[in-house]
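Asker: So that we are looking at the same thing, I have put the structure below in C-alpha coordinates.
The values are calculated or read from the model by the stated rules, or taken from the named source; none is laboratory data. If you're wondering where the values come from, they're calculated on a predicted model, not measured in any experiment. Heads up, the Cβs are rebuilt from the backbone with ideal geometry, glycines too, and the neighbour counts pull from every protein chain shown. When the accessible area is computed, the model is the full protein with side chains, heavy atoms only, and any ligands, DNA or RNA have been set aside. Shrake-Rupley method; radii C 1.70, N 1.55, O 1.52, S 1.80 Å.
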Amino acid sequence: MDHYVNHYVVVAIFIVLGILLPVVALTVGRLLRPHKPTDPKQSTYESGNEPVGEGQVKFNIRYYLFALMFVIFDVETVFLYPWAVAYNKLGLFVLVEMIIFAGMLLIGLLYAWKKRVLKWI
Amino acid sequence: MGAWLDEPLTWGDALAVFLWAVLFLLIVLGFVTYAIYYERKVIGWMQLRVGPNRVGPFGLLQTVADIFKLLIKEDTIPRKADRLLFVIAPALAFIPAFSVLAVIPYTEKLYFADLNVGLLYYVALSGITTLAIVLGGWASNNKYALLGGMRSAAQMISYEVPLVISVTGVILLSGSLNLRDIVAAQDGGWFWNWNLFPQIIGFVVFIIAAVSELNRTPFDLPEAESELVAGYHVEYSGFRFAFFMLAEYVYVYAIAALTTVLFLGGWHAPAPFLDVVPGILWFLLKFAFVVFSLFWIRASFPRVRVDQLMSLGWKVLLPVALLNVFLTALYLELFVK
(Lines give C-alpha, C1' and ligand atoms only; values in the text may rest on other atoms or scores of the structure.)
Protein backbone atom coordinates (compact mmCIF):
# COMPACT_ATOMS: atom_id res chain seq x y z
CA MET A 1 0.00 0.00 0.00
CA ASP A 2 2.83 2.41 0.89
CA HIS A 3 4.45 1.57 -2.39
CA TYR A 4 1.28 2.55 -4.18
CA VAL A 5 0.66 5.82 -2.31
CA ASN A 6 4.29 6.98 -2.37
CA HIS A 7 4.46 7.00 -6.13
CA TYR A 8 1.45 9.28 -6.25
CA VAL A 9 3.24 11.57 -3.79
CA VAL A 10 6.01 11.84 -6.39
CA VAL A 11 3.42 12.68 -9.05
CA ALA A 12 1.95 15.34 -6.74
CA ILE A 13 5.43 16.82 -6.24
CA PHE A 14 5.85 17.05 -10.02
CA ILE A 15 2.51 18.80 -10.41
CA VAL A 16 3.35 21.24 -7.59
CA LEU A 17 6.70 22.01 -9.26
CA GLY A 18 4.91 22.50 -12.58
CA ILE A 19 2.72 25.13 -10.89
CA LEU A 20 5.63 26.71 -8.99
CA LEU A 21 7.85 27.37 -12.01
CA PRO A 22 5.42 29.70 -13.86
CA VAL A 23 4.51 31.45 -10.59
CA VAL A 24 8.14 32.02 -9.59
CA ALA A 25 9.35 32.94 -13.08
CA LEU A 26 6.55 35.44 -13.64
CA THR A 27 6.98 36.95 -10.16
CA VAL A 28 10.73 37.38 -10.64
CA GLY A 29 10.05 38.74 -14.11
CA ARG A 30 7.79 41.40 -12.62
CA LEU A 31 10.83 42.92 -10.86
CA LEU A 32 12.87 42.95 -14.08
CA ARG A 33 10.46 44.02 -16.79
CA PRO A 34 9.13 47.52 -17.48
CA HIS A 35 5.45 48.30 -17.00
CA LYS A 36 4.38 51.28 -19.08
CA PRO A 37 0.94 50.52 -20.50
CA THR A 38 -0.35 52.90 -23.13
CA ASP A 39 -3.72 52.80 -24.83
CA PRO A 40 -2.55 51.66 -28.31
CA LYS A 41 -0.33 49.01 -26.73
CA GLN A 42 -3.27 47.44 -24.95
CA SER A 43 -5.59 47.42 -27.93
CA THR A 44 -6.36 44.16 -29.67
CA TYR A 45 -3.90 43.26 -32.42
CA GLU A 46 -5.35 43.19 -35.90
CA SER A 47 -2.35 43.62 -38.22
CA GLY A 48 -2.07 47.29 -37.33
CA ASN A 49 -5.64 48.27 -38.24
CA GLU A 50 -8.21 49.49 -35.74
CA PRO A 51 -9.92 46.34 -34.42
CA VAL A 52 -13.34 45.80 -35.97
CA GLY A 53 -16.25 44.42 -33.93
CA GLU A 54 -16.04 41.67 -31.35
CA GLY A 55 -12.91 39.56 -30.91
CA GLN A 56 -14.83 36.44 -29.99
CA VAL A 57 -16.37 35.94 -33.41
CA LYS A 58 -18.62 33.10 -34.52
CA PHE A 59 -16.60 30.16 -35.73
CA ASN A 60 -17.31 27.16 -37.87
CA ILE A 61 -19.64 24.43 -36.53
CA ARG A 62 -17.14 21.93 -37.98
CA TYR A 63 -14.98 22.21 -34.87
CA TYR A 64 -17.86 20.83 -32.78
CA LEU A 65 -18.21 17.84 -35.09
CA PHE A 66 -14.52 17.04 -34.67
CA ALA A 67 -14.88 17.42 -30.91
CA LEU A 68 -17.83 15.03 -31.00
CA MET A 69 -15.87 12.44 -32.98
CA PHE A 70 -12.99 12.85 -30.59
CA VAL A 71 -15.17 12.11 -27.57
CA ILE A 72 -16.54 8.94 -29.21
CA PHE A 73 -13.14 7.52 -30.12
CA ASP A 74 -11.44 8.62 -26.93
CA VAL A 75 -14.07 6.77 -24.95
CA GLU A 76 -13.30 3.76 -27.13
CA THR A 77 -9.69 3.88 -25.97
CA VAL A 78 -10.89 3.88 -22.36
CA PHE A 79 -12.35 0.44 -23.16
CA LEU A 80 -9.42 -0.65 -25.32
CA TYR A 81 -6.72 -0.12 -22.67
CA PRO A 82 -8.08 -2.46 -19.93
CA TRP A 83 -8.96 -4.98 -22.65
CA ALA A 84 -5.38 -4.87 -23.94
CA VAL A 85 -3.90 -5.25 -20.45
CA ALA A 86 -6.05 -8.27 -19.63
CA TYR A 87 -5.97 -9.79 -23.12
CA ASN A 88 -3.47 -12.56 -22.34
CA LYS A 89 -5.75 -13.90 -19.61
CA LEU A 90 -8.86 -13.78 -21.76
CA GLY A 91 -9.83 -15.91 -24.72
CA LEU A 92 -10.84 -15.64 -28.35
CA PHE A 93 -14.33 -14.63 -27.21
CA VAL A 94 -13.24 -11.17 -25.99
CA LEU A 95 -11.33 -10.59 -29.23
CA VAL A 96 -14.53 -11.19 -31.20
CA GLU A 97 -16.43 -8.95 -28.78
CA MET A 98 -13.90 -6.14 -29.22
CA ILE A 99 -14.00 -6.51 -32.99
CA ILE A 100 -17.79 -6.10 -32.87
CA PHE A 101 -17.44 -3.05 -30.61
CA ALA A 102 -14.78 -1.38 -32.76
CA GLY A 103 -16.74 -2.37 -35.88
CA MET A 104 -19.80 -0.50 -34.62
CA LEU A 105 -17.69 2.60 -34.01
CA LEU A 106 -16.12 2.20 -37.45
CA ILE A 107 -19.62 2.24 -38.96
CA GLY A 108 -20.02 5.60 -37.20
CA LEU A 109 -16.76 6.78 -38.71
CA LEU A 110 -17.89 5.65 -42.18
CA TYR A 111 -21.18 7.49 -41.68
CA ALA A 112 -19.32 10.68 -40.75
CA TRP A 113 -17.05 10.12 -43.75
CA LYS A 114 -20.07 9.74 -46.06
CA LYS A 115 -21.68 12.86 -44.56
CA ARG A 116 -18.45 14.75 -45.39
CA VAL A 117 -17.76 15.63 -41.78
CA LEU A 118 -14.12 14.69 -42.27
CA LYS A 119 -13.73 16.92 -45.28
CA TRP A 120 -12.29 20.33 -44.53
CA ILE A 121 -13.89 23.10 -46.53
CA MET B 1 15.07 6.15 -6.50
CA GLY B 2 12.74 3.17 -6.32
CA ALA B 3 13.81 1.12 -3.33
CA TRP B 4 13.11 3.52 -0.50
CA LEU B 5 9.76 4.44 -1.96
CA ASP B 6 8.55 1.04 -0.77
CA GLU B 7 8.77 2.11 2.87
CA PRO B 8 6.45 4.56 4.60
CA LEU B 9 7.33 8.04 3.45
CA THR B 10 8.83 10.42 6.02
CA TRP B 11 9.00 14.18 5.63
CA GLY B 12 12.76 13.92 5.11
CA ASP B 13 12.26 11.52 2.22
CA ALA B 14 9.58 13.72 0.71
CA LEU B 15 11.97 16.67 0.89
CA ALA B 16 14.69 14.60 -0.78
CA VAL B 17 12.28 13.63 -3.58
CA PHE B 18 11.31 17.27 -3.93
CA LEU B 19 14.96 18.33 -4.29
CA TRP B 20 15.58 15.56 -6.85
CA ALA B 21 12.55 16.77 -8.78
CA VAL B 22 13.86 20.36 -8.69
CA LEU B 23 17.20 19.12 -10.02
CA PHE B 24 15.33 17.22 -12.73
CA LEU B 25 13.35 20.36 -13.62
CA LEU B 26 16.65 22.22 -14.06
CA ILE B 27 17.94 19.41 -16.28
CA VAL B 28 14.77 19.62 -18.40
CA LEU B 29 15.15 23.41 -18.68
CA GLY B 30 18.77 22.90 -19.72
CA PHE B 31 17.61 20.35 -22.30
CA VAL B 32 15.06 22.82 -23.69
CA THR B 33 17.68 25.59 -23.90
CA TYR B 34 20.10 23.46 -25.86
CA ALA B 35 17.45 21.61 -27.87
CA ILE B 36 16.44 24.98 -29.33
CA TYR B 37 20.08 25.84 -30.06
CA TYR B 38 20.69 22.40 -31.55
CA GLU B 39 17.53 22.57 -33.64
CA ARG B 40 18.54 25.92 -35.11
CA LYS B 41 22.07 24.65 -35.77
CA VAL B 42 20.93 21.37 -37.37
CA ILE B 43 18.33 23.04 -39.59
CA GLY B 44 20.91 25.69 -40.44
CA TRP B 45 23.39 23.06 -41.57
CA MET B 46 20.74 21.17 -43.52
CA GLN B 47 19.91 24.38 -45.38
CA LEU B 48 23.60 25.23 -45.92
CA ARG B 49 23.56 28.06 -43.40
CA VAL B 50 25.69 28.33 -40.25
CA GLY B 51 22.90 28.81 -37.72
CA PRO B 52 23.36 30.91 -34.55
CA ASN B 53 27.07 31.74 -34.08
CA ARG B 54 27.29 35.19 -32.46
CA VAL B 55 26.48 34.94 -28.75
CA GLY B 56 29.18 33.03 -26.89
CA PRO B 57 31.52 30.43 -28.44
CA PHE B 58 29.79 28.78 -31.45
CA GLY B 59 26.64 30.68 -30.51
CA LEU B 60 26.18 28.44 -27.47
CA LEU B 61 24.66 31.24 -25.39
CA GLN B 62 22.15 32.31 -28.04
CA THR B 63 19.12 30.67 -26.39
CA VAL B 64 20.22 31.87 -22.94
CA ALA B 65 20.28 35.40 -24.33
CA ASP B 66 16.82 34.85 -25.87
CA ILE B 67 15.41 33.69 -22.54
CA PHE B 68 16.78 36.75 -20.72
CA LYS B 69 15.43 38.96 -23.45
CA LEU B 70 11.96 37.46 -22.99
CA LEU B 71 12.28 37.86 -19.22
CA ILE B 72 12.84 41.63 -19.40
CA LYS B 73 10.20 42.32 -22.06
CA GLU B 74 7.06 44.16 -21.04
CA ASP B 75 4.11 41.90 -20.38
CA THR B 76 1.14 43.36 -22.25
CA ILE B 77 -2.36 42.11 -21.57
CA PRO B 78 -4.89 43.49 -24.06
CA ARG B 79 -7.62 45.66 -22.57
CA LYS B 80 -10.40 43.46 -23.95
CA ALA B 81 -8.81 40.18 -22.86
CA ASP B 82 -10.30 37.99 -20.14
CA ARG B 83 -7.49 38.65 -17.65
CA LEU B 84 -7.84 35.60 -15.41
CA LEU B 85 -8.01 33.06 -18.23
CA PHE B 86 -5.32 34.94 -20.16
CA VAL B 87 -2.94 34.59 -17.20
CA ILE B 88 -3.85 30.96 -16.45
CA ALA B 89 -3.48 29.60 -20.01
CA PRO B 90 0.36 29.60 -20.36
CA ALA B 91 0.80 27.99 -16.95
CA LEU B 92 -1.86 25.42 -17.78
CA ALA B 93 0.04 24.53 -20.95
CA PHE B 94 3.23 23.96 -19.01
CA ILE B 95 1.95 22.03 -15.94
CA PRO B 96 0.88 18.83 -17.75
CA ALA B 97 3.98 19.00 -19.98
CA PHE B 98 6.22 18.73 -16.94
CA SER B 99 3.95 16.42 -14.90
CA VAL B 100 3.93 13.68 -17.55
CA LEU B 101 7.70 13.33 -17.14
CA ALA B 102 7.18 11.83 -13.66
CA VAL B 103 6.42 8.38 -15.08
CA ILE B 104 9.32 8.04 -17.55
CA PRO B 105 11.81 5.34 -16.46
CA TYR B 106 15.43 5.93 -17.51
CA THR B 107 17.04 2.73 -16.25
CA GLU B 108 15.96 -0.17 -14.06
CA LYS B 109 16.88 1.85 -10.96
CA LEU B 110 16.49 5.42 -12.16
CA TYR B 111 12.88 6.59 -12.32
CA PHE B 112 10.61 8.89 -10.40
CA ALA B 113 7.10 7.46 -10.12
CA ASP B 114 6.38 3.82 -10.92
CA LEU B 115 2.67 3.94 -11.64
CA ASN B 116 0.65 0.89 -12.68
CA VAL B 117 -1.23 3.14 -15.06
CA GLY B 118 1.85 5.04 -16.28
CA LEU B 119 0.93 5.12 -19.97
CA LEU B 120 -2.68 6.08 -19.25
CA TYR B 121 -1.42 8.83 -16.95
CA TYR B 122 0.78 10.19 -19.73
CA VAL B 123 -1.99 10.12 -22.33
CA ALA B 124 -4.58 11.63 -19.99
CA LEU B 125 -2.41 14.51 -18.78
CA SER B 126 -0.97 15.42 -22.15
CA GLY B 127 -4.54 15.97 -23.37
CA ILE B 128 -4.96 18.89 -20.95
CA THR B 129 -2.57 21.06 -22.98
CA THR B 130 -5.21 21.30 -25.73
CA LEU B 131 -7.45 22.99 -23.16
CA ALA B 132 -4.75 25.59 -22.44
CA ILE B 133 -4.50 26.39 -26.14
CA VAL B 134 -8.26 26.86 -26.58
CA LEU B 135 -8.29 28.92 -23.38
CA GLY B 136 -5.41 31.13 -24.53
CA GLY B 137 -7.06 31.68 -27.92
CA TRP B 138 -10.45 32.47 -26.41
CA ALA B 139 -9.20 34.71 -23.57
CA SER B 140 -7.15 36.90 -25.94
CA ASN B 141 -10.41 38.21 -27.43
CA ASN B 142 -8.68 38.43 -30.79
CA LYS B 143 -9.96 36.99 -34.05
CA TYR B 144 -6.63 35.52 -35.12
CA ALA B 145 -6.03 34.02 -31.71
CA LEU B 146 -9.52 32.51 -31.53
CA LEU B 147 -9.37 30.93 -34.99
CA GLY B 148 -5.78 29.79 -34.41
CA GLY B 149 -6.79 28.24 -31.10
CA MET B 150 -9.75 26.40 -32.63
CA ARG B 151 -7.64 25.09 -35.52
CA SER B 152 -4.98 24.00 -33.11
CA ALA B 153 -7.47 22.22 -30.89
CA ALA B 154 -9.12 20.50 -33.86
CA GLN B 155 -5.73 19.26 -35.03
CA MET B 156 -4.60 18.09 -31.61
CA ILE B 157 -7.76 16.15 -30.79
CA SER B 158 -7.83 14.62 -34.29
CA TYR B 159 -4.33 13.25 -33.85
CA GLU B 160 -4.68 12.32 -30.22
CA VAL B 161 -7.05 9.50 -31.19
CA PRO B 162 -4.59 7.64 -33.50
CA LEU B 163 -1.80 8.38 -31.00
CA VAL B 164 -3.53 6.68 -28.08
CA ILE B 165 -4.81 3.79 -30.21
CA SER B 166 -1.40 3.15 -31.82
CA VAL B 167 0.16 2.34 -28.43
CA THR B 168 -2.53 -0.27 -27.68
CA GLY B 169 -0.47 -2.78 -29.66
CA VAL B 170 2.43 -2.23 -27.26
CA ILE B 171 0.11 -2.74 -24.30
CA LEU B 172 -1.16 -5.98 -25.85
CA LEU B 173 2.39 -7.32 -26.28
CA SER B 174 3.53 -6.47 -22.76
CA GLY B 175 0.21 -6.89 -20.94
CA SER B 176 0.80 -3.84 -18.78
CA LEU B 177 0.38 -0.08 -18.68
CA ASN B 178 3.40 0.27 -16.41
CA LEU B 179 6.23 1.80 -18.43
CA ARG B 180 8.91 -0.17 -16.56
CA ASP B 181 7.11 -3.45 -17.32
CA ILE B 182 6.80 -2.40 -20.95
CA VAL B 183 10.58 -1.93 -21.16
CA ALA B 184 11.18 -5.18 -19.27
CA ALA B 185 8.98 -7.03 -21.80
CA GLN B 186 11.33 -5.89 -24.59
CA ASP B 187 14.35 -7.55 -23.01
CA GLY B 188 15.57 -10.35 -25.22
CA GLY B 189 19.17 -9.36 -25.68
CA TRP B 190 18.83 -8.41 -29.34
CA PHE B 191 17.34 -5.34 -30.96
CA TRP B 192 14.65 -7.33 -32.79
CA ASN B 193 13.05 -7.97 -29.41
CA TRP B 194 12.20 -4.29 -29.18
CA ASN B 195 8.62 -3.31 -29.95
CA LEU B 196 9.86 -1.36 -32.98
CA PHE B 197 9.77 -4.38 -35.30
CA PRO B 198 6.70 -6.34 -34.15
CA GLN B 199 4.83 -3.01 -33.88
CA ILE B 200 6.19 -1.29 -36.97
CA ILE B 201 2.71 -0.14 -38.10
CA GLY B 202 1.96 1.20 -34.63
CA PHE B 203 5.35 2.91 -34.55
CA VAL B 204 4.80 4.73 -37.85
CA VAL B 205 1.31 5.88 -36.79
CA PHE B 206 2.69 6.90 -33.39
CA ILE B 207 5.50 9.02 -34.88
CA ILE B 208 3.24 10.79 -37.38
CA ALA B 209 0.60 11.49 -34.73
CA ALA B 210 3.26 12.58 -32.23
CA VAL B 211 4.79 15.10 -34.65
CA SER B 212 1.30 16.46 -35.21
CA GLU B 213 0.58 16.60 -31.47
CA LEU B 214 3.77 18.60 -31.03
CA ASN B 215 2.55 21.08 -33.67
CA ARG B 216 5.83 20.74 -35.53
CA THR B 217 6.47 20.91 -39.27
CA PRO B 218 4.98 19.33 -41.44
CA PHE B 219 1.97 19.74 -39.14
CA ASP B 220 2.67 23.23 -37.80
CA LEU B 221 -0.50 24.79 -39.20
CA PRO B 222 -1.58 26.33 -35.90
CA GLU B 223 1.44 28.61 -35.98
CA ALA B 224 2.29 28.69 -39.66
CA GLU B 225 4.11 32.04 -39.65
CA SER B 226 3.95 32.55 -43.38
CA GLU B 227 0.19 32.13 -43.76
CA LEU B 228 -1.40 32.94 -40.39
CA VAL B 229 -0.67 35.58 -37.81
CA ALA B 230 1.09 33.40 -35.22
CA GLY B 231 -2.12 31.65 -34.10
CA TYR B 232 -3.37 31.18 -30.55
CA HIS B 233 -0.48 33.04 -28.87
CA VAL B 234 -0.60 36.18 -31.00
CA GLU B 235 -1.50 38.42 -28.03
CA TYR B 236 1.07 36.92 -25.67
CA SER B 237 4.34 38.67 -25.04
CA GLY B 238 7.37 38.27 -22.79
CA PHE B 239 7.52 35.34 -20.43
CA ARG B 240 3.93 34.24 -20.88
CA PHE B 241 4.74 33.58 -24.52
CA ALA B 242 7.90 31.82 -23.37
CA PHE B 243 5.80 29.35 -21.36
CA PHE B 244 3.88 28.25 -24.44
CA MET B 245 7.19 27.65 -26.23
CA LEU B 246 8.63 25.95 -23.15
CA ALA B 247 5.65 23.59 -22.98
CA GLU B 248 6.19 22.70 -26.63
CA TYR B 249 9.84 21.80 -26.12
CA VAL B 250 9.17 19.92 -22.88
CA TYR B 251 6.77 17.82 -24.96
CA VAL B 252 9.60 17.17 -27.41
CA TYR B 253 11.51 15.73 -24.44
CA ALA B 254 8.48 13.77 -23.27
CA ILE B 255 7.63 12.30 -26.68
CA ALA B 256 11.26 11.38 -27.40
CA ALA B 257 11.53 9.66 -24.01
CA LEU B 258 8.18 7.91 -24.50
CA THR B 259 9.17 6.68 -27.98
CA THR B 260 12.39 5.29 -26.52
CA VAL B 261 10.49 3.51 -23.75
CA LEU B 262 7.62 2.15 -25.84
CA PHE B 263 9.30 1.20 -29.10
CA LEU B 264 13.09 1.38 -28.85
CA GLY B 265 13.65 -0.89 -25.86
CA GLY B 266 14.39 1.81 -23.27
CA TRP B 267 17.72 1.10 -21.59
CA HIS B 268 18.36 -2.28 -23.29
CA ALA B 269 21.43 -2.71 -25.47
CA PRO B 270 20.84 -3.67 -29.13
CA ALA B 271 23.00 -6.81 -28.82
CA PRO B 272 23.98 -9.01 -25.83
CA PHE B 273 27.74 -8.30 -26.10
CA LEU B 274 27.04 -4.56 -25.85
CA ASP B 275 25.65 -4.99 -22.33
CA VAL B 276 28.90 -3.66 -20.86
CA VAL B 277 27.80 -0.15 -21.81
CA PRO B 278 25.57 1.17 -18.99
CA GLY B 279 21.83 1.26 -19.70
CA ILE B 280 21.51 4.99 -19.14
CA LEU B 281 23.88 5.62 -22.06
CA TRP B 282 21.75 3.46 -24.35
CA PHE B 283 18.68 5.36 -23.21
CA LEU B 284 20.33 8.72 -23.88
CA LEU B 285 21.62 7.59 -27.29
CA LYS B 286 18.18 6.46 -28.43
CA PHE B 287 16.60 9.55 -26.91
CA ALA B 288 19.05 11.85 -28.71
CA PHE B 289 18.40 10.00 -31.97
CA VAL B 290 14.62 10.50 -31.66
CA VAL B 291 15.11 14.21 -30.88
CA PHE B 292 17.41 14.56 -33.87
CA SER B 293 14.87 12.77 -36.08
CA LEU B 294 12.17 15.25 -35.06
CA PHE B 295 14.41 18.12 -36.19
CA TRP B 296 15.33 16.21 -39.31
CA ILE B 297 11.65 15.76 -40.20
CA ARG B 298 11.14 19.48 -39.68
CA ALA B 299 13.97 20.36 -42.05
CA SER B 300 12.89 17.86 -44.73
CA PHE B 301 9.13 18.11 -45.23
CA PRO B 302 6.93 20.92 -46.55
CA ARG B 303 3.88 21.89 -44.55
CA VAL B 304 0.66 19.95 -45.31
CA ARG B 305 -2.57 21.71 -46.22
CA VAL B 306 -5.35 21.88 -43.66
CA ASP B 307 -7.70 19.62 -45.67
CA GLN B 308 -4.93 17.03 -46.10
CA LEU B 309 -4.25 17.24 -42.38
CA MET B 310 -7.75 16.25 -41.27
CA SER B 311 -8.13 13.55 -43.93
CA LEU B 312 -4.81 11.98 -42.95
CA GLY B 313 -5.76 11.85 -39.27
CA TRP B 314 -9.26 10.44 -39.55
CA LYS B 315 -9.25 8.53 -42.85
CA VAL B 316 -5.80 6.98 -42.78
CA LEU B 317 -4.17 6.96 -39.35
CA LEU B 318 -7.23 6.03 -37.28
CA PRO B 319 -8.26 2.95 -39.37
CA VAL B 320 -4.61 1.86 -39.65
CA ALA B 321 -4.13 2.19 -35.88
CA LEU B 322 -7.28 0.13 -35.22
CA LEU B 323 -6.17 -2.47 -37.76
CA ASN B 324 -2.83 -2.70 -35.99
CA VAL B 325 -4.57 -3.40 -32.66
CA PHE B 326 -6.55 -6.30 -34.09
CA LEU B 327 -3.64 -7.69 -36.10
CA THR B 328 -1.57 -7.74 -32.90
CA ALA B 329 -4.40 -9.39 -30.96
CA LEU B 330 -4.87 -11.98 -33.69
CA TYR B 331 -1.13 -12.68 -33.77
CA LEU B 332 -1.12 -13.21 -30.00
CA GLU B 333 -4.18 -15.47 -30.29
CA LEU B 334 -2.72 -17.65 -33.06
CA PHE B 335 1.00 -17.85 -32.34
CA VAL B 336 1.65 -17.02 -28.69
CA LYS B 337 -1.14 -18.64 -26.68
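Asker: Mind checking whether some residue in segment B:294-309 is without any contact (Cβ under 8 Å) to a residue 40 or more places away in the chain, surrounded by fewer than 21 Cβ atoms within 10 Å (Cβ to Cβ), aliphatic (A, V, I, L, M) and not in a helix (DSSP H, G or I)?
Answerer: There is no residue in segment B:294-309 that is without any contact (Cβ under 8 Å) to a residue 40 or more places away in the chain, surrounded by fewer than 21 Cβ atoms within 10 Å (Cβ to Cβ), aliphatic (A, V, I, L, M) and not in a helix (DSSP H, G or I).
Asker: Condition first: away from chain A (no Cβ under 14 Å) and open to solvent by 50 Å² or more (accessible area, probe 1.4 Å). Now tell me which residues in segment B:85-114 satisfy that.
Answerer: Passing the criteria: B:Glu108, B:Lys109.
Asker: Still on this model: Give me a count of the residues in segment B:130-146 that are more than 10 Å from every other protein chain (Cβ to nearest Cβ) and surrounded by fewer than 24 Cβ atoms within 10 Å (Cβ to Cβ).
Answerer: Counting residues in segment B:130-146 that are more than 10 Å from every other protein chain (Cβ to nearest Cβ) and surrounded by fewer than 24 Cβ atoms within 10 Å (Cβ to Cβ) gives 2.
Asker: While we're on this one: Do we find a residue being of a type outside the set (A, V, I, L, M), touching a Gly at 6+ places or on another chain (Cβ under 9 Å), in the same structural domain as B:Gln186 (by the TED database) and in a helix (DSSP H, G or I) anywhere in segment B:75-88?
Answerer: yes
Asker: Just the residues that are open to solvent by 40 Å² or more (accessible area, probe 1.4 Å) and more than 8 Å from chain A (Cβ to nearest Cβ), please, taken from segment B:316-335.
Answerer: Selection gives B:Val316, B:Val320, B:Leu323, B:Leu327, B:Tyr331, B:Leu334, B:Phe335.
Asker: Do we have any residue at all in segment A:93-101 that's charged (D, E, K, R) and either open to solvent by less than 90 Å² (accessible area, probe 1.4 Å) or touching a residue at least 40 places away in the same chain (Cβ under 8 Å) (or both)? Working first, answer last.
Answerer: Initial filter on segment A:93-101 (charged (D, E, K, R)): A:97.
Now restrict to residues that are either open to solvent by less than 90 Å² (accessible area, probe 1.4 Å) or touching a residue at least 40 places away in the same chain (Cβ under 8 Å) (or both): none.
No, the conditions are met nowhere in segment A:93-101.
Asker: Would a scan of segment A:70-83 turn up a residue that is within 30 Å of B:Glu333 (Cα to Cα), more than 7 Å from every other protein chain (Cβ to nearest Cβ) and open to solvent by less than 40 Å² (accessible area, probe 1.4 Å)?
Answerer: yes
Asker: Is there a residue being within 28 Å of B:Ala113 (Cβ to Cβ) and among the hydroxyl-bearing types (Ser, Thr, Tyr) anywhere in segment A:29-40?
Answerer: First, pick out the residues of segment A:29-40 that are within 28 Å of B:Ala113 (Cβ to Cβ): none.
Scanning segment A:29-40, I find no residue that is within 28 Å of B:Ala113 (Cβ to Cβ) and among the hydroxyl-bearing types (Ser, Thr, Tyr), so the answer is no.
Asker: Another question about this same structure. Please give the number of the condition B:Glu333 fails out of (1) under 30 Å from A:Leu109 (Cβ atoms); (2) part of a helix (DSSP H, G or I); (3) over 17 Å from the mean Cα position of the chain (by Cα); (4) touching a residue at least 60 places away in the same chain (Cβ under 8 Å).
Answerer: Every listed condition holds for B:Glu333 apart from (4).
Asker: Test B:Phe31 against the stated conditions and say whether it is open to solvent by less than 80 Å² (accessible area, probe 1.4 Å) and either at positive phi or of a type in the set (A, V, I, L, M, F, W, C) (or both).
Answerer: Values: open to solvent by less than 80 Å² (accessible area, probe 1.4 Å): yes; either at positive phi or of a type in the set (A, V, I, L, M, F, W, C) (or both): yes.
Spelling it out, B:Phe31 is indeed open to solvent by less than 80 Å² (accessible area, probe 1.4 Å) and either at positive phi or of a type in the set (A, V, I, L, M, F, W, C) (or both).
Asker: If you don't mind, another one. Among the residues of segment B:148-176, write down those that are within 7 Å of chain A (Cβ to nearest Cβ), touching a residue at least 24 places away in the same chain (Cβ under 8 Å) and either of a type in the set (Phe, Trp, Tyr) or open to solvent by 20 Å² or more (accessible area, probe 1.4 Å) (or both).
Answerer: B:Ile157
Asker: Another question, then. I'd like to know if segment B:263-285 contains one or more residues that are modelled with pLDDT under 90, over 30 Å from B:Val183 (Cα atoms), in the same structural domain as B:Ala132 (by the TED database) and not hydrophobic (A, V, I, L, M, F, W, C).
Answerer: Scanning segment B:263-285 turns up no residue that is modelled with pLDDT under 90, over 30 Å from B:Val183 (Cα atoms), in the same structural domain as B:Ala132 (by the TED database) and not hydrophobic (A, V, I, L, M, F, W, C).
Asker: Looking at (1) under 20 Å from B:Phe239 (Cβ atoms); (2) modelled with pLDDT of 95 or more; (3) not polar (S, T, N, Q), which one does B:Val55 not meet, given that it meets all the others?
Answerer: Unmet for B:Val55, out of (1) under 20 Å from B:Phe239 (Cβ atoms); (2) modelled with pLDDT of 95 or more; (3) not polar (S, T, N, Q): (2).
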